[in-house]
Each structure stands twice: as structure tokens, then as C-alpha cells.
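Structure first, then comments.
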Amino acid sequence: MEELISVIVPIYMGEQWLARCIESIRKQSFHNIEIILVNDGSPDGSGKICDEFAAIDSRIKVVNKKNGGLSDARNAGLAAATGTCIMFVDEDDYIHPEMATILYQTMKKTGADIVVCDFMPVSDTETLEYPAIIQLSEPICFEGEEIMNQLYYRNLLTVVTWNKLYRKEVFAKHGYIKGRVHDDESAIHFILHACRKTAYIKEKLYYYVQREGSITSNRDWNYYNDG
């Protein structure tokens, strides 16, 4: 029987992209999912969009909270999650329809605590057709100290939060640090330390939208200091 995957979407000022993001999750071929939309006190129409989707899809759970930043929103999503597996999707990004299925199948095949896929950077104005995935690559697995070594050898793939399927228990002792701009870099070594095995696949299943006004496009001293 398939386990439940909790897909967490932290949301702040995302009304322009949010519907596309949610639809890509709703259309996953893996159906045993819950979608947790964390409205981090967004003053725009994001909250209304969340409620509208929750009204038409019983798998959607809306968490409304006072603004606390990205790390705090992710932690709120983890607290609300009831699945044994976790995925994160940023509000302005979207995912391949087979992402959850492929990552879950790889997790079952390898016994990994985290499965990592590649991602495709896309422009905000770009409209993509999802490519058919005919044959999957063989996963590359790491255990022991080699898990942490991938912070060097596969730095970007390893560090970012959103291109992964996690066993929920890897967050048992450490979540994300509230107030950090680099929420992923400040927490990933704790999360990796909780793993017995990690697995990487070559498929580009996550679509990372590069847009003006995002955190990574407005880099000041705090950005680099947190990193």
C-alpha cells in the first residue's frame, strides 16, 4: 500500500503564481497525498486562492498563521503534516506530474531516507510541456560520511529544500531556523545527519522559476551572512 506524502507549500505574496503551483501538485500521478498550503500572513489574495482550492479538493489543508518567514512557514507545514513522507514546493514553482511517484518508487527501491532529483530553471514567462519519462536512471546512493560529503560534490542539489522526498522522521530533532534567509543551508546538515542513506536521480522533475523580486534576486549582506 502506498504511504501518504504530505506536500507542503509555504505561501507569502504568491497570488500571481499560486494556482499553477497547486494545480501541478493536484495533478500528480501519485494520488495518496495531502497538500498543506501554509498562508504565512500574506496580505495579498493568496489566502482566498488557498480557500478556493480547499473547497474543491479534500486533500488540501490550509494553515493560516501570522507572518514568520519561510523557515517558520515550513515548520508549520511539518507540524500539520500527517504523512510518513514529506515534499516541499515553493509557491512560484511547479512540478512534473510524475515527481511524487518517481521519488517514492526510488525511496522504496533504495531504502533511502531522502531522494533527490534534478531541477529545471525556467523563466517566469516560460510555458513548458512536461516531457515524457520513458526510462528512469539508476539512483546513486550514499551512506555514512558520504551523505554529508555531497554538500561538496553535489552542493546545490543537496542544499535546496524543494527537489526532494524526505522520510518525515529526519525532521524529528531539527526543523528550519526561524528568521534565516538561507533556511535550507542553515538546516540541511542537521537533516542529513539524521539519514542512514540518501539517493540521487538524474531526472529533472522540479521546475524552479526564476523571477524578479524573489529572495535570491535581492541579495544583501544578510543573505550572504546567513549562507
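The values are calculated or read from the model by the stated rules, or taken from the named source; none is laboratory data. Just so we're clear, the structure is a prediction, and the values are computed from it rather than from any experiment. Note: ideal-geometry Cβ built from the backbone for every residue, glycine included; neighbour counts use all protein chains shown. Just the protein is used for accessible areas: all its heavy atoms, side chains included, with ligands, DNA and RNA removed. Shrake-Rupley method; radii C 1.70, N 1.55, O 1.52, S 1.80 Å.
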- Task: Any chance you could get the radius of gyration and Dmax over the Cα atoms of the chain, in Å?
- Result: 16.5, 48
- Message: Test of understanding: extend the Cα→C-beta vector of ALA79 to 7 Å, then name every residue of segment 144-171 with backbone N under 20 Å from that spot.
- Response: 168-171
- Solvent-accessible area, 1.4 Å probe, carbon plus sulfur percent, for the chain: 52 percent
- Item | Ranked by how many other beta carbons lie within 10 Å on average, peptides 18-26, 41-49 from highest | 18-26, 41-49
- What length, rounded to one decimal in nm, is gained on full extension from MET148 through to LYS66, with 0.36 nm per residue of separation minus their alpha-carbon distance? 26.1 nm
- Message: Rolling a 1.4 Å sphere over the protein heavy atoms, what is the accessible area per residue of segment 55-171, to the nearest Å²?
- Response: 47 Å²
- Each label point is 7 Å from the Cα along the Cα-to-Cβ direction; what then is the distance between the points at ILE56 and GLN16, in nm? 2.3 nm
- Query: Roughly what % antiparallel, to the nearest 5, for the DSSP beta bridges in the chain?
  - Reply: 30 percent
- Message: Could you check the spin-label model distance between LYS202 and LYS109? Points 7 Å from the Cα along Cα→Cβ, value in nm.
- Response: 1.3 nm
- Under the helix-only model (-39500 (n - 2.57) for each DSSP H run of 4 or more, divided by the residues of the chain), the mean residue ellipticity at 222 nm, to 500 deg cm²/dmol, is -8500 deg cm²/dmol
- Which order, highest average first, do 125-138, 158-171 follow once you tally other Cβ atoms within 10 Å for each residue and take the mean per peptide? 158-171, 125-138
- Note on the structure: Subtracting the Cα-Cα distance of ASP118 and GLU3 from 0.36 nm times their residue separation yields 39.1 nm
- Message: I'd like the per residue volume of the convex hull spanned by the Cα atoms of segment 77-125, given in cubic angstrom.
- Response: 96 Å³
- Task: Determine the shape class of segment 15-60: with a ≥ b ≥ c the square roots of the Cα gyration tensor eigenvalues, call it rounded for a/c under 1.5, and otherwise prolate if a/b is greater than b/c, oblate otherwise.
- Result: prolate
- With a/c under 1.5 counting as rounded, go ahead and sort segment 1-92 into rounded, prolate or oblate using the C-alpha gyration tensor (a ≥ b ≥ c being the square roots of the eigenvalues; past the cut-off, prolate if a/b is larger than b/c, else oblate). oblate
